[in-house]
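Notes to accompany the following structure.
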Amino acid sequence: MLQHSLEIRVAYQETDGQRRVHHANYLNYFERGRVEMLRSFGHDYKAIEDSGLMLVVTEMNVRYFAPADFDDVLTVTTKVVELRKVRMRHRYEIRRGDMLLVEADSVIACVDRTGKLARLPDLSPKYQSDKELAS
């Protein structure tokens, strides 16, 4: 299973009046996780878009267990759990230390500039070793 982890420090503008992360900002964290996972595999999301393909969210299911606060350091883990011709499924976990705060699942579809479904480009890791992929 392909996966990547990213540390994020919660910025003040991502919080509500109680200094807790506003629920909508977790979607941004998931997006950052996906983009950074591709980068860690040697792919450039901007180059994918420049080629005429876009990876668009078609489904998102989020489960909130505990809040994150301003200045917390969070770990966003992104996993590819299914890869098909034009779609892929991701699973996300956001933790503060060992504590699970949020988990989510998404479906991402590949479309061309007209919005028509298109075959996913080869997104297999270019630079990671087998040992890193197993973790």
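Quick note: the coordinates plus some simple rules give every number you see, no bench work behind them. Keep in mind that this is a model prediction, so the values were computed, not measured. As a convention, Cβ positions derive from the backbone with ideal geometry for all residues, glycine included, and neighbour counts pool all protein chains shown.
All but one of (1) within 21 Å of K126 (Cβ to Cβ); (2) in contact (Cβ under 8 Å) with a residue 40 or more places away in the chain; (3) in contact with a strand residue (DSSP E or B) (Cβ under 6 Å, 6 or more places away or on another chain) hold for P67; which doesn't?
Only one criterion in (1) within 21 Å of K126 (Cβ to Cβ); (2) in contact (Cβ under 8 Å) with a residue 40 or more places away in the chain; (3) in contact with a strand residue (DSSP E or B) (Cβ under 6 Å, 6 or more places away or on another chain) is unmet by P67, namely (1).
From (1) among the charged types (D, E, K, R); (2) at positive phi; (3) crowded, with 16+ Cβ neighbours inside 10 Å, pick out the condition that doesn't hold for K79.
The one condition K79 does not meet is (2).
Please enumerate the residues belonging to the stretch 9-37 that are under 14 Å from the mean Cα position of the chain (by Cα) and surrounded by 19 or more Cβ atoms within 10 Å (Cβ to Cβ).
Correct list: Y26, Y29, F30, G33, R34, M37.
Which of the residues spanning the stretch 95-123 are among the β-branched types (V, I, T) and either assigned to a strand (DSSP E or B) or at positive phi (or both)? Walk me through it before giving the result.
Of the residues in the stretch 95-123, the ones among the β-branched types (V, I, T) are 102, 107-108, 111, 114.
The answer is V102, V107, I108, V111.
Quick check: anything in the stretch 57-76 part of a strand (DSSP E or B) and closer than 14 Å to Q3 by Cβ?
Yes, that holds for at least one residue.
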